[in-house]
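Asker: My questions all concern the structure below.
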Amino acid sequence: MPHMEAQQRAVAINRLLSMGQLDLLRSSAGLLYRIKDSQNASKMKGSDNQEKLVYQIIEDAGNKGIWSRDIRYKSNLPLTEINKILKNLESKKLIKAVKSVAASKKKVYMLYNLQPDRSVTGGAWYSDQDFESEFVEVLNQQCFKFLQSKAEAARDSKQNPMIQRNSSFASSHEVWKYICELGISKVELSMEDIETILNTLIYDGKVEMTIIAAKEGTVGSVDGQMRLYRAVSPLIQPTGLVRTPCGLCPVFDDCHEGGEISPSNCIYMTEWLEF
């Protein structure tokens, strides 16, 4: 607004701020102003400054949410007042409380229309904070079954060994498509979810992975690369050492006594010894 004097701009901006139609933000360059969503602005109409402050803090937290303790720290309001404001905002359907898998007894608050981040819900592997071990096992079996059928079809082709080997590979996109077509999942699975399952099969020694260059735009490729997987059968039975959790542990190099990962707190070692 170059045609307006600085004093006129200041009066207009202060008026919009008092009406709750602008957000005041700070950056390294100075103060910034952002127009508020008209729907939320109308819902916040009539709210006092404390309620607006709490709403702004929750909005800034995004889809990862924020604990009431952190709201208290940022707002410098009493906990009883914060709890009252949170209940009021929830009743207006401006915010919602979501249970976090990181802390079973704590809830985080975020805007009502946001989809919680995977770090909050645990993604496809959690339901109401409970790890769906049976669901993961079914996915594990079906992914391996698909790769096995791919390998068997390659062997039955009676082509030369190199062609058989290459045709036994499947991309993570092919495995993802197969799982989606089976309809065994009640939640929408991503390619990343399927690759997580395939990684567990690699750690179990049932599958191997290779990375190849791919043309830009190829389905299933990321940054010009594509991950391919195939089922493998060991030529000989693994030695006793490899059968221990340490033999296949992906974080073996980071494991040491006194560290965050150590033999004394390894759940896999404990289960193996009990077995």
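Asker: Run the reach check for LYS177 against lysines, Cα to Cα strictly under 17 Å, same-chain hits fewer than 8 apart removed. What comes back?
Answerer: The reachable lysines, counting only those whose Cα sits under 17 Å from LYS177, are LYS145, LYS150, LYS186.
Asker: Could you order peptides 148-160, 211-223 by the average number of other Cβ atoms within 10 Å of their residues, highest first?
Answerer: In descending order of packing, they fall as 148-160, 211-223.
Asker: Sticking with this one: For SER75, SER119, SER190, give the ranking by accessible area with the largest first, probe 1.4 Å.
Answerer: SER119, SER190, SER75
Asker: Let me ask you something else. Quick one: accessible surface of PHE144, probe radius 1.4 Å, all protein chains present, in square angstrom to the nearest 10.
Answerer: Approximately 40 Å² for this residue.
Asker: Just the accessible area per residue of the stretch 103-238, please: how many Å² with a 1.4 Å probe?
Answerer: Solvent-accessible surface per residue comes out at 64 Å².
Asker: What accessible surface, in Å², does a 1.4 Å probe find on ILE267, ignoring ligands, DNA and RNA and rounding to the nearest 10?
Answerer: Roll a 1.4 Å probe over it and ILE267 shows about 100 Å².
Asker: Now, a different point. Accessible area of TYR112, 1.4 Å probe, to the nearest 10 Å²?
Answerer: Its accessible surface works out to 100 Å², give or take rounding.
Asker: Something else: Restricting attention to the alpha-carbon atoms of the stretch 122-211, what are Rg (one decimal) and Dmax (integer), both in Å?
Answerer: When restricted to the Cα atoms of the stretch 122-211, Rg and Dmax are 14.3, 51 Å.
Asker: Over the Cα atoms of the stretch 95-175, each weighted equally, I'd like the Debye log10 I(q)/I(0) at q = 0.14, 0.23, 0.27 Å⁻¹, rounded to two decimals.
Answerer: Listed by q, the Debye log ratios stand at -0.65, -1.02, -1.18.
Asker: With every protein chain kept in the model, how would you rank LEU248, LEU16 by accessible area, 1.4 Å probe, largest at the top?
Answerer: If we order LEU248, LEU16 from most to least accessible, we get LEU248, LEU16.
The values are calculated or read from the model by the stated rules, or taken from the named source; none is laboratory data. These numbers were taken from a predicted model, which means no experiment stands behind them. Backbone-built Cβ (ideal geometry, glycine too); neighbour counts: all protein chains shown. Areas reflect the complete protein model, heavy atoms only, side chains present, ligands, DNA and RNA absent. Shrake-Rupley method; radii C 1.70, N 1.55, O 1.52, S 1.80 Å.
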